[in-house]
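K.L.:
Here you go, one structure.
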Amino acid sequence: MDEITMSNLLDKVNKHIEKYIGIKTDIIDNQYVQLLGDSSKVVSFIRNSSTLIIHKKFESFLNGFKEVTIPSEEQLNRLIDYINDEAKAEFVSDTFSKILLSKSSKACIIMGTLLKDMINKQDELSHDHLICFDALINFFDVDLKNYLVIFENVGKNKMSYLPTKRFSDQLKAEGIDNTSAWLTIEKCVSLQIINRYNELDLDINGDDPSFSDGDIDEYFKITGPGKLLYTYLTRIL
């Protein structure tokens, strides 16, 4: 497929999305943005640098979305067919926005692969999909690497108590800093990839219960979106 055909198809996808969303914007052609860019070398440099980053991230997304070398005309037509209501139009449009805002090119590949599979299987838009895409925009490359080890220690159990020697040894074997791993865990909890449970281990004083003490243990469980994320991580990384 030549560049002109690709451009025409992408434009067709964009217009199809606009039909459902009802919003048509073009920031790049905004006269105020152009004026500011022309009057400031600094702003021009930022815009040019941003363009390079955008190209890299979108290329990574296409690497995940493609079947062989580049997205085929059939794939893009399937994408158009997939967008058959406002929710899906907003989701696909938001996915393209997430590509530009993502913190990891590898995350863009995963988003492309996930979207491709959804289209090929004609999957309905689920809550798990939405959470998974939302998490990917916030993941650094190091978070993706850390998550693989975290899942191996949590995902195979209903709930797992992480602060153990086995977990620390596994992190060390994978060359992962313990502090870095816990930063990823906290991020996963906030993004609904992992659930945290607190359990009170109470040591009751038989003579005087008022002097009883206890420790709060933290247990973790991988959520549905977390399992979905792991499935695609193992395919990409």
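K.L.:
Rolling a 1.4 angstrom probe over the protein heavy atoms, how many square angstrom per residue are accessible across the stretch 100-158?
P.N.:
Values: 2460 Å² over 59 residues.
Dividing the accessible area of the stretch 100-158 by its residue count gives 42 Å².
K.L.:
At a Förster radius of 30 Å, what calculated FRET efficiency corresponds to the Cβ-Cβ distance of Glu90 and Lys227, to the nearest 0.05? Intermediate results must be reported in sequence, preceding the final value.
P.N.:
On the way: r = 25 Å, r/R0 = 0.83.
Calculated transfer efficiency: 0.75.
K.L.:
Along Cα→Cβ, 7 Å out, is where each label goes; now give me the distance between the ones at Asp81 and Gln122 in nm to one decimal.
P.N.:
0.7
K.L.:
Sticking with this one: Given 0.36 nm per residue, what is the gain on full extension from Thr164 to Lys66 after removing their alpha carbon distance, in nm?
P.N.:
On the way: separation 98, 0.36 × 98 = 35.28 nm, distance 4.15 nm.
Extra length available between Thr164 and Lys66 comes to 31.1 nm.
K.L.:
Given a Förster distance of 35 angstrom, what is the FRET efficiency for Tyr197 paired with Leu101, based on the Cβ-Cβ distance and rounded to 0.05? Please report the intermediate quantities before stating the final value.
P.N.:
Details: r = 31 Å, r/R0 = 0.90.
E between Tyr197 and Leu101, to the nearest 0.05, is 0.65.
The values are calculated or read from the model by the stated rules, or taken from the named source; none is laboratory data. The model shown is predicted, which means the values in this text are computed figures rather than measured ones. FYI the Cβ positions are ideal-geometry reconstructions off the backbone, even for glycines, and counts take in every protein chain you see. For the accessible areas, the whole protein counts, side chains as well, though only heavy atoms, and no ligand, DNA or RNA atoms are used. Shrake-Rupley method; radii C 1.70, N 1.55, O 1.52, S 1.80 Å.
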